[in-house]
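**Student:** To start, I am sharing the structure in question, which I have written as structure tokens.
No lab work stands behind these numbers, since they all come straight from the coordinates. Keep in mind that this is a model prediction, so the values were computed, not measured. Neighbour counts run over all protein chains shown; Cβ positions are idealised from the backbone, glycine included.
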Amino acid sequence: MLIRRPADIAPSEITPQTVFESRRRFLAHGGALLAGATLGLPAHAANAPDTTPLTPLAASRFSTNETPTPLKQLLEYNNFYEFGSSKGDPSLYAHKLPIRPWAITIDGLVRTPVTLDIDRLLKLAALEERIYRLRCVEAWSMVVPWVGYPLSTLLKHVEPLGSAKYVRFESYYDPEVITPHFFGFLEFPYVEGLRLDEAMHPLTLLGLGLYGETLPRQNGAPVRIVVPWKYGFKSAKSIVRITFTEDQPLTSWPKADHKAYGFFANVNPQLQHPQWDQSRERRIGELFKRDTLPFNGYAEQVSSLYAGMDLQRAF
Ligand code: MTE
């Protein structure tokens with residue numbers, strides 16, 4: 001694979017401030033359950049995640065202090081329609097996803113397009129652990145100890161042109177590997193997008209791991225987007241291309257059903273969805289529902305991005 005050399009990542013971004021205790025949390029919340037898997041489970045255990053530890057990690061001031069959802073549930077309750085439409089399907093079928101070699105191309109309206117090898121990214125990135133809520137349109141939510149770094153750090157390296165207004169994310173797709181008949185509703189490759197200011201917001205994460213390890217396949221290995229104030233579908237998994245565009249990209253869910261899924265998809269308890277209640281949510285593992293918070297609890301940080309917009313229309 002031809003890998004173009006990216007602009008160098010500054011050394012200041014490589015050295016983390018503190019060594020964080022995510023390894024300890026990994027063990028406390030499920031690492032023990034998976035110790036065999038991460039440390040060399042037999043090859044026949046196809047649905048076992050073959051992740052590797054990511055250390056050291058800096059703690060993030062953006063983390064919620066809510067208790068993370070146990071790892072087992074993060075691994076077994078997924079939306080990854082390339083590998084099936086039931087929540088348990090990705091844990092059974094995502095082992096087909098080939099995660100090495102893997103590169104991401106960043107192109108479009110930029111001065112210096114690059115193709116980056118994932119292992120170089122993992123080596124050079126100043127990784128942080130950020131405990132974020134993830135809230136799905138289907139009215140369930142989780143708390144995830146992601147590992148990653150601000151997407152803006154990566155995007156700045158390619159020097160976006162003044163004409164760039166949006167960023168389009170494209171997920172891995174190979175019809176030989178992914179069986180589209182699983183879910184005829186969505187077209188693949190899965191495409192997501194953000195407005196440039198959303199993509200550059202300090203909360204938007206380039207996700208490279210969770211619970212102190214590289215990403216399990218069902219959670220979007222080896223690299224995904226994490227946008228904590230938007231519904232889960234904005235957080236594209238297993239991405240291979242990031243393209244800067246002038247026009248708003250046509251993304252997978254609005255393309256499939258523009259009445260139910262909008263481009264902006266900010267978590268909004270006041271919005272009606274034809275099928276799912278957006279005012280309440282069930283945290284996976286909990287019995288009772290809780291109120292959904294505007295912008296998923298991140299309103300203070302992000303509501304100014306939408307000043308003057310009618311969020312009933314731009315949903
Ligand atoms: N990315 C791809 N490529 N394919 C998908 O089906 N599903 C989205 C998002 N990213 C999806 C995707 C949805 S609807 C959700 S809720 C989150 O991934 C789920 O992430 P998780 O399985 O890690 O909880």
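**Student:** Read phi for every residue in the range 94-109 and hand back ³J(HN,Hα) as whole Hz from Karplus 6.51 cos²θ - 1.76 cosθ + 1.60, θ = phi - 60°, with x for Gly and Pro.
**Tutor:** The phi angles translate into 5, 4, 6, 5, x, 9, 9, x, 9, 9, 10, 9, 10, 8, x, 7 Hz.
**Student:** Across 5 Å bins from the origin, how do the percents of Cα pairs in the range 239-312 run, short distances first?
**Tutor:** Result, from short to long distances: 3, 12, 18, 20, 20, 15, 8, 2, 1 percent.
**Student:** With the cut-off at 21 Å, tell me which of the pairs Lys230/Lys289; Lys72/Lys234; Lys237/Lys259; Lys165/Lys230; Lys165/Lys259; Lys96/Lys234 have Cα atoms farther apart than that.
**Tutor:** Working: Lys230/Lys289 19 Å; Lys72/Lys234 23 Å; Lys237/Lys259 23 Å; Lys165/Lys230 19 Å; Lys165/Lys259 24 Å; Lys96/Lys234 23 Å.
Distance filter (> 21 Å) returns Lys72/Lys234; Lys237/Lys259; Lys165/Lys259; Lys96/Lys234.
**Student:** Which whole-Hz couplings ³J(HN,Hα) result when phi for each residue of the range 306-314 is put into the Karplus expression 6.51 cos²θ - 1.76 cosθ + 1.60, θ = phi - 60°, listed in order with x for Gly and Pro?
**Tutor:** For the range 306-314, the Karplus-derived couplings read 10, 4, x, 8, 8, 7, 6, 8, 8 Hz, x marking Gly and Pro.
**Student:** If you wrap the range 49-161's Cα atoms in a convex hull and average its projection over all directions, what's the area in nm²? Intermediate values should be presented prior to the final figure.
**Tutor:** Numbers: hull surface 35.3 nm².
Approximately 8.8 nm², given one-decimal rounding.
**Student:** On to the next question. In units of 2.2 N^0.38 Å, what is the alpha-carbon radius of gyration of the range 49-306? Let's see the in-between values first.
**Tutor:** Numbers: Rg = 17.0 Å, N = 258, 2.2 N^0.38 = 18.1 Å.
It is 0.94.
**Student:** Another one. Please find the FRET efficiency linking Ala256 to Asp119, where r is the Cβ-Cβ separation and R0 is fixed at 41 Å, and quote it to the nearest 0.05. It would help to have the intermediate numbers written out before the result.
**Tutor:** Details: r = 34 Å, r/R0 = 0.82.
That pair, Ala256 with Asp119, gives E of 0.75.
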